[in-house]
Amino acid sequence: MMVKIAFFDTKQYDIPAFEEYGKERGIKFKFLEPRLNSDTAHLAKGYDGVCVFVNDIVNKEVIDILYSYNIKFIVLRCAGFNNVDVKAAFGKIHIYRVPAYSPYAVAEHAMALLQTSNRRIHKAYIRTRDYNFSLNELTGVDLHNKTIGVVGTGKIGKIFINICKGYGMNVVAYDKYPDPNLDVKYVSLDELFSKSDFISLHCPLTDENFHMINKDSIDHMKKGVGIINTSRGGLIDGKALLEGIKERKVGFACLDVYEEEGDIFYEDKSGHILDDDTLRSLISMPNVIITSHQAFLTKEALNNIADTTTQNIVNFYDKKVCENEVCYRCSNIENCKKKRNIKCF
């Protein structure tokens, strides 16, 4: 049997790996350019499942539409699922994700952003192309012996910590669920904010940590702190960050994600006026580097995403328990049915 999947928000770099793994596993993808939302959900009619990414909208309305089309499952080709109403999906549509496509890709990108901003490499690149070889205003600092606060010590956070240790940095970490086997000093979030020279975010977005970095937390940070976010945009209040930069409290910011990126990132907006005043102001700042959610984008990651996503589909039909299934009860161990080796419902 050939399984048919409606693949939303397709980019050219998605297609080769998904076609290859799909052919191997009896899965036919229909690659669609639009993002999934209530207006485009009808494109999934006649398919067995849908494949979505971070900026697709999978709210209750969309889930009800898909359910009416007898869509059996939604496979996310990403780790985060904050764009999915998992409670509305429960009992109707199974949700699967890719928990770790290439933690090295994201961790390495975070360090690349930190070093680029610290040593002003982006500015030097522009200058030398104009034959300007002055070193004025290009002074950075040694990372050795500096303190970096890592928020989130999952797979990506652990790899980033190891990279930082390779630089000889002092690492402190915060995680709601600390890993007792990890050789790192865990501290409270307040202590991490107050003691860190640099802060890097590697945690999922939840209702609890929404706008974790805000005016109050920035006020408690060191003057000149560097902030790196390769996780989710909603972890940072963009307006508060902008004010912190204007007040010279934040020394630099490196953002691979942005709270309101949905209609902007992944698209060529060079011929358009950017309506988002906060993002436009951040981009104009000389001490801000923004990349458009590209931290994951390596050949290895794209292959791993396609491999895991297609295997999630195979596991669904084989009635196997898939550890990558998520529902609103997954965070509650007592109610998690996967612990009893069955699907979420």
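Just the residues that are in contact with a Ser or Thr (Cβ under 8 Å, 6 or more places away or on another chain) and free of Cβ contacts under 8 Å to residues at least 40 places away in the same chain, please, taken from segment 121-150. Don't jump to the end; show me each part of the working.
Going through segment 121-150, the residues in contact with a Ser or Thr (Cβ under 8 Å, 6 or more places away or on another chain) turn out to be 122, 127, 147-150.
Once the filter is applied, which keeps residues that are in contact with a Ser or Thr (Cβ under 8 Å, 6 or more places away or on another chain) and free of Cβ contacts under 8 Å to residues at least 40 places away in the same chain, segment 121-150 yields only Arg127.
Report yes if Tyr266 is outside any helix (DSSP H, G or I), in contact with a His (Cβ under 8 Å, 6 or more places away or on another chain) and at pLDDT below 95, otherwise no.
Details: outside any helix (DSSP H, G or I): yes; in contact with a His (Cβ under 8 Å, 6 or more places away or on another chain): yes; at pLDDT below 95: yes.
In short, yes.
Could you figure out which of (1) open to solvent by 10 Å² or more (accessible area, probe 1.4 Å); (2) in contact with a His (Cβ under 7 Å, 6 or more places away or on another chain); (3) not β-branched (Val, Ile, Thr) isn't true of Phe133?
(2)
Answer with yes or no whether Asp14 is in contact (Cβ under 8 Å) with a residue 60 or more places away in the chain and touching a helix residue (DSSP H, G or I) at 6+ places or on another chain (Cβ under 8 Å). So that I can check it myself, show each step before the final result.
Numbers: in contact (Cβ under 8 Å) with a residue 60 or more places away in the chain: yes; touching a helix residue (DSSP H, G or I) at 6+ places or on another chain (Cβ under 8 Å): yes.
So Asp14 fits the description; yes.
Can you pull out every residue in segment 85-103 that is at pLDDT 95 or above and outside any loop (DSSP other than H, G, I, E, B)?
Within segment 85-103, Ala88, Ala89, His94, Ile95, Tyr96 meet the criteria.
Being modelled with pLDDT of 95 or more, among the polar types (S, T, N, Q), touching a helix residue (DSSP H, G or I) at 6+ places or on another chain (Cβ under 6 Å) and open to solvent by less than 40 Å² (accessible area, probe 1.4 Å) is the filter here, so list the residues in segment 299-334 that pass it.
Thr310 - this is the single residue of segment 299-334 that is modelled with pLDDT of 95 or more, among the polar types (S, T, N, Q), touching a helix residue (DSSP H, G or I) at 6+ places or on another chain (Cβ under 6 Å) and open to solvent by less than 40 Å² (accessible area, probe 1.4 Å).
Here are some conditions: (1) within 22 Å of Leu242 (Cα to Cα); (2) surrounded by fewer than 20 Cβ atoms within 10 Å (Cβ to Cβ); (3) of a type in the set (A, V, I, L, M, F, W, C). Val187 meets all but one. Which one does it not meet?
Only one criterion in (1) within 22 Å of Leu242 (Cα to Cα); (2) surrounded by fewer than 20 Cβ atoms within 10 Å (Cβ to Cβ); (3) of a type in the set (A, V, I, L, M, F, W, C) is unmet by Val187, namely (1).
With the structure loaded, tell me whether Phe252 is closer than 19 Å to Leu113 by Cβ, out of contact with any Leu (no Cβ under 7 Å at 6 or more places or on another chain), open to solvent by less than 70 Å² (accessible area, probe 1.4 Å) and outside any loop (DSSP other than H, G, I, E, B) or whether it fails that test.
Values: closer than 19 Å to Leu113 by Cβ: yes; out of contact with any Leu (no Cβ under 7 Å at 6 or more places or on another chain): yes; open to solvent by less than 70 Å² (accessible area, probe 1.4 Å): yes; outside any loop (DSSP other than H, G, I, E, B): yes.
Yes: the conditions hold for Phe252.
What's the total number of residues in segment 275-287 that are of a type outside the set (Ser, Thr, Tyr) and surrounded by 12 or more Cβ atoms within 10 Å (Cβ to Cβ)? Outline the logic, then answer.
So in segment 275-287, the residues of a type outside the set (Ser, Thr, Tyr) come out as 275-277, 279-280, 282-283, 285-287.
Checking the rest, the ones that are also surrounded by 12 or more Cβ atoms within 10 Å (Cβ to Cβ) come to 276, 279, 282-283, 285, 287.
The number of residues fulfilling the criteria is 6.
The values are calculated or read from the model by the stated rules, or taken from the named source; none is laboratory data. As the structure is a prediction and not an experimental result, all values here were calculated from the model. Methodologically, a virtual Cβ is constructed for each residue, glycine included, from the backbone with ideal geometry; neighbour enumeration extends over all protein chains shown. Calculation scope for accessible area: heavy atoms of the full protein, side chains included, ligands and nucleic acids excluded. Shrake-Rupley method; radii C 1.70, N 1.55, O 1.52, S 1.80 Å.
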